[in-house]
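Encoded as structure tokens, the structure appears first; notes follow it.
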Amino acid sequence: MINPLRRQPFRSRRSVGLVGLFYSGKTVLLTSLIAHLRNHDPDRLPLSPSGDPVELTLLGDLPPAVCAERFDFDDHYNRLIESDWPAKTDRLNEYRAEYVIGRDSWWTTDLSLVDLPGERLADMVIALHPDFEAWSDAVLGVFRNQAEFASIARPYLAAVEGASDESTILTAYRTVLATLHTRFMPFICPSSFVLGPDGVPLDARLGDDVPPSAEDRIRLKADRGICGLARAEQFAPLPPAARGRSPGTASAFAERYRRYRETLVLPFARALGRCDDLVVLVDVTVLLEGGHGMVNAYRAFLEQVLMYVDPGLSPGRQLFASAVSLLSLGLSRLEHVRRVAFVATKADRVVREDRDRLLDLLTQLTRPIIRPHQVRKDLGVEHLIVAAVRSTWAEPGDPADVLRYNTPRGEVRAPVSRLPDDWPDQYDPGRFRFPRPEPSLPRARVKVPPHINLDRLARFVLGLK
Ligand SMILES: Nc1nc2c(ncn2[C@@H]2O[C@H](COP(=O)(O)OP(=O)(O)OP(=O)(O)O)[C@@H](O)[C@H]2O)c(=O)[nH]1
Ligand SMILES: [Mg+2]
């Protein structure tokens with residue numbers, strides 16, 4: 001867009017999607033980043049790697065363009081100031097604003113940052129498959145091929161072999177999802193099971209009397225969770241033989257699957273696919289705490305996300321992108337992801353001496369998944385470690401495995417696991433432990449949150465070198 005009456009007559013548009021599992025730190029990252037961008041201090045958030053003081057100026061907030069909901073910055077920031085982390089996200093939302101980078105620029109940047117509930121990412125496998133049959137085969141394939149899933153899914157596969165009635169099949173599938181949820185395995189599809197179509201999380205559906213035994217908890221979750229747009233709209237994956245044996249159930253499931261995909265999945269999947277850049281958050285500390293089953297599940301899920309988004313420009317698409325840009329004098333662009341940053345979040349949960357190891361673990365996990373995209377297409381990839389709100393510290397003389405943080409009740413000294421050089425071959429939940437600090441932020445709004453490497457992420461998001 002060109003406005004000759006303005007000092008900056010040109011406006012460029014950028015949209016960046018934040019993706020990552022629930023609890024991976026997307027909303028905190030966005031809140032801290034926006035606080036820095038709005039109140040930019042080149043000393044605290046250097047935007048030039050060479051150290052030149054590049055200033056960023058906010059011209060004003062804009063209404064969302066990628067989705068309907070506005071990112072509630074004030075609410076999230078106020079909670080952080082009160083030493084409370086932001087509430088979990090229950091729908092797609094967006095922060096959009098116009099900035100000028102530097103003093104003499106002719107350009108403004110219309111920047112959109114898109115946040116989403118992490119649970120919905122597990123539905124990327126639905127976005128990827130327009131047909132219920134293909135989705136069934138893909139999901140059951142993951143269940144069969146991965147040892148962690150296979151034992152959990154076995155009773156379900158046996159149940160579909162022997163039963164043709166809908167209710168038995170759905171109860172058996174919900175039991176699989178309830179077991180995955182209880183074991184913190186992030187491959188719960190459809191995601192409506194853990195985050196209802198109305199945005200109500202499964203935990204809120206369980207009520208106050210959650211049973212202490214894992215089996216009873218699984219039974220309760222299987223009873224309360226919903227696999228579809230509503231109770232009467234549920235579906236579950238069916239193997240080919242079961243589809244042949246019960247065509248009525250298969251076609252009912254296929255119809256409900258189609259409605260679910262169109263209503264709940266495609267709006268956010270398309271929004272992500274149209275972003276210029278993706279920031280993929282990986283909470284390495286939680287993957288270490290959760291055991292090797294969680295890492296395997298995470299890999300399977302990340303593969304599905306990248307398969308749908310298909311980041312990078314193939315030679316054909318690149319040609320098309322250049323033509324679009326040329327014909328519109330560079331003011332319009334092909335809407336497709338061209339760069340991906342993998343970010344290990346919450347870097348303040350590990351000791352300073354382990355930050356290089358954190359980066360190594362992130363790279364080891366994501367490189368094999370992104371490399372096939374990089375080899376075939378023009379795609380920028382970065383790996384970073386970041387703490388959006390650095391909430392821990394160590395004093396000189398502290399043991400090498402201790403971090404301190406503040407709570408309203410006083411200072412805490414917490415033990416911290418040291419990071420391994422490589423992902424261990426096998427490890428159970430509980431072998432690694434990291435502190436869960438409360439956020440400590442300056443209360444004066446002219447101050448900005450303390451961070452680790454947020455400046456590098458800001459450069460990525462703003463498209464600066
Ligand atoms: N120590 C530390 N903890 C953090 C940081 N960022 C996030 N956390 C922790 O991670 C939790 C989840 O962060 P969110 O930003 O809400 O996670 P999310 O990815 O938006 O999660 P969903 O909304 O459920 O998808 C917070 O409640 C904190 O406990 C950080 O920079 N440092
Ligand atoms: Mg969130």
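The values are calculated or read from the model by the stated rules, or taken from the named source; none is laboratory data. All figures in this text were calculated on a predicted structure; none of them were measured in a lab. Reconstructed Cβ throughout: ideal geometry from the backbone, glycine too, with neighbour counts over all protein chains shown. Just the protein is used for accessible areas: all its heavy atoms, side chains included, with ligands, DNA and RNA removed. Shrake-Rupley method; radii C 1.70, N 1.55, O 1.52, S 1.80 Å.
Please state the charge dipole magnitude for the chain, taken about the Cα centre, from unit charges on C-beta atoms (+1 on K and R, -1 on D and E), reported in debye and rounded to the nearest 20. Working shown, then result.
Values: 61 positive and 60 negative charges, 166 e Å.
In debye, rounded to 20, the chain gives about 800.
Measuring from label point to label point, each 7 Å out along Cα→Cβ, what is the D84 to V402 span in nm?
Label at D84, label at V402, 3.2 nm between them.
Can you give the relative contact order of the stretch 170-233 as a percent, counting alpha carbon pairs under 8 Å and 6+ residues apart?
With pairs under 8 Å counted, the relative contact order is 45 percent.
Roughly how far apart, in whole Å, are the Cα centres of the stretch 57-88 and the stretch 365-428?
Result: 25 Å between the Cα centres.
From the phi angles alone, apply the Karplus equation (6.51, -1.76, 1.60; θ = phi - 60°) to the stretch 90-95 and give each ³J(HN,Hα) in whole Hz, x where the residue is Gly or Pro.
10, 7, 4, 8, 9, 9
Pulled fully out, how much extra length does the chain show between D208 and N39, if you take 0.36 nm times their separation in residues and subtract their Cα-Cα distance?
56.6 nm
When the gyration tensor of the stretch 1-135 is built from Cα positions, what are the square roots of 5 times its three eigenvalues, in whole Å, from largest to smallest?
Working from the Cα gyration tensor, I get semi-axes of 31, 21, 14 Å.
Just to confirm the filter: which chymotrypsin sites (Phe, Trp or Tyr not before Pro) across the stretch 23-126 are DSSP coil and have at most 11 other Cβ within 10 angstrom of their Cβ?
Of the chymotrypsin sites (Phe, Trp or Tyr not before Pro), the ones in loops of the stretch 23-126 whose Cβ has at most 11 other Cβ atoms within 10 Å are W106.
Just to be sure I follow the rule: in the chain, considering lysines 8 or more places apart or on different chains, how many pairs have Cα atoms under 20 Å apart?
So the count works out to 4.
Could you sort D277, D208, D398, D356 by their accessible area in this structure, using a 1.4 Å probe and putting the largest first?
Numbers: D277 5, D208 155, D398 30, D356 115 Å².
Sorted descending by solvent-accessible area, the residues read D208, D356, D398, D277.
Check L59: other-chain or 5+ apart residues with amide H under 5 Å from its amide H, H built from backbone geometry?
Amide H neighbours of L59: E98, Y99, V100.
Express in nm, to one decimal, how much length is gained between R103 and D428 on full extension, taking 0.36 nm for each residue of separation and deducting their alpha carbon distance.
The span from R103 to D428 would gain 111.7 nm if fully extended.
Please arrange M294, M124 by accessible surface area, largest first, computed with a 1.4 Å probe and ligands excluded. Provide the component values of the computation, followed by the final result.
On the way: M294 20, M124 0 Å².
Descending order: M294, M124.
Over the chain, with the other protein chains present, what is the accessible area per residue in square angstrom, probe 1.4 angstrom?
Heavy-atom accessible area per residue stands at 44 Å².
Normalise the Cα radius of gyration of the chain by 2.2 N^0.38 Å (N = residues in it) and let me know the number. Walk me through the numbers before you get to the answer.
Working: Rg = 23.1 Å, N = 465, 2.2 N^0.38 = 22.7 Å.
So the Cα radius of gyration is 1.02 times the expected 2.2 N^0.38 Å.
For a quick check: with amide H placed at 1.01 Å from N, whose amide H comes under 5 Å from V280's, ignoring anything fewer than 5 positions away on the same chain?
V19, A341, F342, V343
Of the accessible area of the chain, with the probe set at 1.4 angstrom, what percent is carbon plus sulfur? Let's see the in-between values first.
Numbers: 10400 of 20380 Å².
Exposed carbon and sulfur together represent 51 percent of the surface.
For a quick check of your reading of the filter: which trypsin sites (Lys or Arg not before Pro) in the stretch 103-208 sit in a DSSP loop and have no more than 14 other Cβ atoms within 10 Å?
Passing sites in the stretch 103-208 are R103.
Quick query: amide H of V381 versus all other amide H atoms, modeled in the peptide plane; which residues come in under 5 Å with a sequence gap of 5 or more or a different chain?
Distant-sequence amide H within range of V381: V340.
Whole-Hz ³J(HN,Hα) for each residue in the stretch 422-434, computed from phi via Karplus 6.51 cos²θ - 1.76 cosθ + 1.60 with θ = phi - 60°, x for glycine and proline: what do you get?
Couplings: 10, 4, x, 4, 7, 7, 9, x, x, 5, 10, 9, 10 Hz.
For a quick check of your reading of the filter: which trypsin sites (Lys or Arg not before Pro) in the stretch 1-89 sit in a DSSP loop and have no more than 16 other Cβ atoms within 10 Å?
R6, R7, R44, K88
Using the alpha carbon gyration tensor of the stretch 340-465, what are the three equivalent-ellipsoid semi-axes (square root of 5 times each eigenvalue), largest first, in whole Å?
Over the Cα atoms of the stretch 340-465, the ellipsoid semi-axes are 29, 22, 10 Å.
At q = 0.09, 0.19, 0.21, 0.22 Å⁻¹, what is the log10 ratio I(q)/I(0) for the stretch 122-265, with the Debye formula run over Cα points and no solvent?
-0.24, -1.16, -1.43, -1.57
A444 to S48: extension gain in nm, 0.36 nm per residue of separation minus the Cα-Cα distance?
Gain on extension, A444 to S48, equals 139.9 nm.
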